[in-house]
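Please read the structure below before turning to the comments.
The values are calculated or read from the model by the stated rules, or taken from the named source; none is laboratory data. In this text the structure is predicted, and so the values were computed from the model without any measurement. When we count neighbours, we look across all protein chains shown, and the Cβ atoms used for this are built from the backbone with ideal geometry, even at glycine.
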RNA sequence: GGAGGGGUGGCAGAGUGGUUGAAUGCGGCGGUCUCGAAAACCGUUUACCCACCUCGUGGGUACGAGGGUUCGAAUCCCUCCUCCUCCGCCA
């Protein structure tokens, strides 16, 4: 959610921001509702002030035993009762509509975000590692996985449906190994580990911006709950409706959770393999930072995600999402894309965003810092994958495959794999 | 699933319709005292919204959430959420 005062005073900035990120907002309706709300407030508060004063008088008259005068005063005040109720309804209506309108407006891109229409215009920031040249016919993970007996697509579909898969043996082991590896790495640099529920409610999803606009992307659990699409939702909402101590910032949180996505509208995209599925595992990083520090925290979060790819020896590059590709809640976002031989291209494996005060305002997360300012301010929230587990496994299988159809386990992962150095075909 | 009892300011804890944003205690902040500190004493202590003569003043709202009764509700009624105790069931 944007600051309503800022929107009121800078509508041209919003126009420009929406145009640059392929968003839209109803400017005329905003001012119509804003005006309606404020004039209703002015009127209703005037009447309330009069009523409060009169009620106080009635109380005094009653106390002094002047019953008749009190009754007369009561009758007089009663006249405004319906009027106040009607105005109050008017105010509530305008306010509800205004909040609804505001909650559908995406964040404003940071001035440092490059202008662009879509993901084809995301500039590369840097590149690490060199994609391997294979001197044999390299396989895609959707072929190699089943050949090794570590990924079973057919049974995944039988157990749950399309876009689900089953891991077995060393595949299952590697999933578990990657989760532990990632969390251990984050812990080394000060991230606190959490273990949240994966079913959640409306308010939590509203806080991070999934609701109300993106309900169709979520798995619904009857009657009114949802499966989380990312641990970001839970980690960020840990402090919903809280006022944090400025001395404790930044807070660095991490968690592993499965993530659930309806993938409505992505039919036909990434249909092969484990790249785009309804349920996948991810280790997530979330930070709560002071405004003046949040951009630095974004850079260090990206560095932490990169560190994991580097230790695993997976080639990748970093791109800055241009205005047209920016997610709803993000003010600035970097994507890490890992090299996938089967795509002969880089594929997103992490997305690190600075949401600025956008989520904090929705989720009401503030902080206090008496030495810096009076009262409270909204914190800045950041989130980033560190990393998507399934896509990491796909990248390892493909980049570390050998001519004989085996897969070498990245050195850093061997201890997490119970000492297994090479994955060979299983029965 | 059944029965009962709670949810008040940073914390503890009063308050069962009328000058209650809310006693009291603790904590926090400022001050007096002191070489300094402690103790003691004095003062102070929320958030959001609206308006204006915009480092301030005035007004409104907020006692789990929402609705109702009333001139007026923390106090009465309804619904929901949540916590606790007991019983049942259970990984």
Residue check, residue A:152 touching a helix residue (DSSP H, G or I) at 6+ places or on another chain (Cβ under 9 Å), without any contact (Cβ under 8 Å) to a residue 24 or more places away in the chain and at negative phi: yes
Region A:126-141: number of residues that are within 26 Å of residue A:152 (Cα to Cα) and free of Cβ contacts under 8 Å to residues at least 24 places away in the same chain: 1
Residue within region A:267-275 that is at pLDDT below 95, within 16 Å of RNA strand B (Cβ to nearest atom) and either in contact with a strand residue (DSSP E or B) (Cβ under 7 Å, 6 or more places away or on another chain) or outside any helix (DSSP H, G or I) (or both) present: no
Meets criteria (away from RNA strand B (no atom under 16 Å from the Cβ), crowded, with 22+ Cβ neighbours inside 10 Å, in a loop (DSSP other than H, G, I, E, B) and touching a residue at least 60 places away in the same chain (Cβ under 8 Å)) for residue A:305: no
From the options A:350, A:342, A:385, residue that is surrounded by fewer than 24 Cβ atoms within 10 Å (Cβ to Cβ) and either in the same structural domain as residue A:259 (by TED's automatic domain parsing) or not in a helix (DSSP H, G or I) (or both): A:342
Out of A:224, A:245, A:241, sole residue that is within 16 Å of RNA strand B (Cβ to nearest atom) and on the phi > 0 side of the Ramachandran plot: A:241
Filter pass, residue A:4 being surrounded by 13 or more Cβ atoms within 10 Å (Cβ to Cβ), under 28 Å from the mean Cα position of the chain (by Cα), within 11 Å of RNA strand B (Cβ to nearest atom) and touching a residue at least 60 places away in the same chain (Cβ under 8 Å): yes
Filtered residues of region A:37-68 (kept if away from RNA strand B (no atom under 12 Å from the Cβ) and surrounded by 13 or more Cβ atoms within 10 Å (Cβ to Cβ)): none
Members of region A:204-226 that are over 14 Å from the mean Cα position of the chain (by Cα) and in contact (Cβ under 8 Å) with a residue 24 or more places away in the chain: A:216, A:219, A:225, A:226
Qualifying position, being more than 17 Å from residue A:387 (Cα to Cα), touching a strand residue (DSSP E or B) at 6+ places or on another chain (Cβ under 8 Å) and surrounded by 14 or more Cβ atoms within 10 Å (Cβ to Cβ), among A:250, A:229: A:250
